[in-house]
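Peer 1: Just dropping this structure here.
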Amino acid sequence: MDDRISVLPDEIVCTLLSLLTMKEAARTSVLSHRWENLWKYFTGSLDFDGSKTMDRMEQEMEISLENFEMSLKTIEMSLETERAKYINWVNKVLNLHQGQDIDGFRVCFDLDKKSACIIDGWINFAMGKRVRRLELDLIECSAVRIGQSYTFSLSSLRVLNVSSLTALCLRNVDMTDEVLAHFLSNCPLIEELSLMESESLVNIKIASALKLKRLELIICNSLKNVEISAINLVSFKYFGPRINNPFKNVPLLSEVSMGGSHWERVVCDPFSSLSGVLYQLETLVLRLDFEFSDRGCFTRTTFPEFLNLKKVELQVTAYSDQSILCLTSLIDASPCLYKLVLKLRYSSRCFSEPDTEAEEFAVWRRGKPREEGRSRRLECLKVVEIAGWVGNTSDTEFALNLLENAALLDKIIIDPSHPSFLQRRVSTCCWNAEPNVLAGARERAKLLETKLPPGTELVIVC
């Protein structure tokens, strides 16, 4: 077979290599003497993902601490060793890189303020390459690090040209209101802004980001005020303390996701934070903690109609004996709802088989659902997904209520695995249930087959 790629000019080969991941491109250096240096002109995303190492370390640390096999000082020394290896890896690649620009630059490892000078150097490198997407995911090892986040300094930023940025995603990176304002005023092309776990942000005002389409503010616990005027904003995600209505001018906003203590204000007084945008929303995601909050907000509130809402995702934490039928009041207020996703996280005591046969089948013997779960006909609802299914009274009641009122439903998907609400490392968000518990949940899901409307498909995820 002819090797047609090798006869191409270097410029075209480098363009093709840039379509691969950084690691894939680097592996081509062993193909021949000619290919040895071509990957160094890589212009794709330089992704330094150290999350697998962090997963392994955190698992080892948790086991060692539980068994008293490792002191905190030993853990810190182990972490410092891994940090040195990670820093050497990044520095080696950056020293070899010869391309003129890069699409993205991503750091993903536990690095704190002690590595500030090194991180500053990496940022200088990325900006010098006219990077378009900058991600600093300084995930922390919860066993050893508290309150030592890397901080963006305004003095160092002022000497950088950040005008090429279209996306800025920061996690465990601290910044002040002034630093954020500097970014926004000097990044005319910014389309995506994600800030997670930044403790110094207090007042955020977004008025000059004309191209901003996606905004995320996650666990920035000092926030008191947010004002958003962004004529091209499509998606807004917020999880944190209560804030007043953040929306000033967002004519294209269609996706909203909210959680934390802020959800009560959204649910109990819908017009306070969603006023002026209710009619334009097409996707709504709410994270609700029924373990510590008042479920009665749903039943006491008369929801305005979400006339264009097509998708609702409800991320619910609850006790196993709590009814969640109150959620139907929000569903009833969405006459055009096409897809409903329910992600359930029950308290640990329910991750087992039902205690008695009477408990398991009580809901099937009950006639109509509880009064609080009465729904109107859901004529547009076609797809329902329930993740974190156990098959207890709570989730079974909810499923039966939907099946009774969604006569035109195409598919209901039941997934017993434990869902993740915030995107974190694998080891911190997956529930490793006992096989017999998952098997029991799947068997109880099969009981729904007798309640399916004509033409509805039941899918049980294995």
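Peer 1: Which of the numbered conditions does T328 fail, given that it passes all the others? Conditions: (1) touching a Gly at 6+ places or on another chain (Cβ under 7 Å); (2) modelled with pLDDT of 90 or more.
Peer 2: Going through the list (1) touching a Gly at 6+ places or on another chain (Cβ under 7 Å); (2) modelled with pLDDT of 90 or more, T328 breaks only (2).
Peer 1: In addition: Kindly indicate which of E457, E434, E397 is at pLDDT 90 or above, open to solvent by 40 Å² or more (accessible area, probe 1.4 Å) and over 30 Å from S194 (Cβ atoms). Before the answer, list the steps.
Peer 2: Values: E434 fails: at pLDDT 90 or above; E397 fails: open to solvent by 40 Å² or more (accessible area, probe 1.4 Å).
After ruling out the rest, the residue left standing is E457.
Peer 1: While we're looking at this one, here's another question. Inspect segment 86-102 for any residue being among the hydroxyl-bearing types (S, T, Y) and over 15 Å from T151 (Cβ atoms) and give the result as yes or no. Talk me through it step by step, then tell me what you get.
Peer 2: Going residue by residue through segment 86-102, those that are among the hydroxyl-bearing types (S, T, Y) are 86.
Filter once more, so that each one left must be over 15 Å from T151 (Cβ atoms): 86.
For segment 86-102, residues among the hydroxyl-bearing types (S, T, Y) and over 15 Å from T151 (Cβ atoms): present.
Peer 1: Another question about this same structure. Which ones in segment 159-199 are open to solvent by 50 Å² or more (accessible area, probe 1.4 Å) and either touching a residue at least 12 places away in the same chain (Cβ under 8 Å) or in a helix (DSSP H, G or I) (or both)? Don't jump to the end; show me each part of the working.
Peer 2: First pass over segment 159-199, keeping only residues open to solvent by 50 Å² or more (accessible area, probe 1.4 Å): 159, 161, 176, 178, 181, 185-186, 188-189, 191, 199.
Hits for segment 159-199 are N161, T176, E178, A181, S185, N186, P188, L189, E191, E199.
Peer 1: Can you pull out the residues in segment 374-401 that are over 14 Å from P335 (Cα atoms) and either charged (D, E, K, R) or in contact (Cβ under 8 Å) with a residue 60 or more places away in the chain (or both)?
Peer 2: If the condition is that a residue be over 14 Å from P335 (Cα atoms) and either charged (D, E, K, R) or in contact (Cβ under 8 Å) with a residue 60 or more places away in the chain (or both), then R374, E385, V390, N392, T393, S394, D395, E397, F398, N401 are the ones that fit.
Peer 1: Also: Give me the pairs, please: first residue somewhere in segment 314-329 and in a helix (DSSP H, G or I), second residue anywhere and open to solvent by 10 Å² or more (accessible area, probe 1.4 Å), beta-carbon distance under 6 Å, and either six or more positions apart or on two chains.
Peer 2: Filtered contacts from segment 314-329: L325/R370; L325/E372; C326/R295; C326/T299; C326/E372; T328/S375.
The values are calculated or read from the model by the stated rules, or taken from the named source; none is laboratory data. Since this is a predicted model, take the numbers as computed values, not measurements. We place every Cβ from the backbone using ideal geometry, glycine too, and count neighbours over all the protein chains shown. Ligands, DNA and RNA are excluded from the accessible area calculation, which covers all protein heavy atoms including side chains. Shrake-Rupley method; radii C 1.70, N 1.55, O 1.52, S 1.80 Å.
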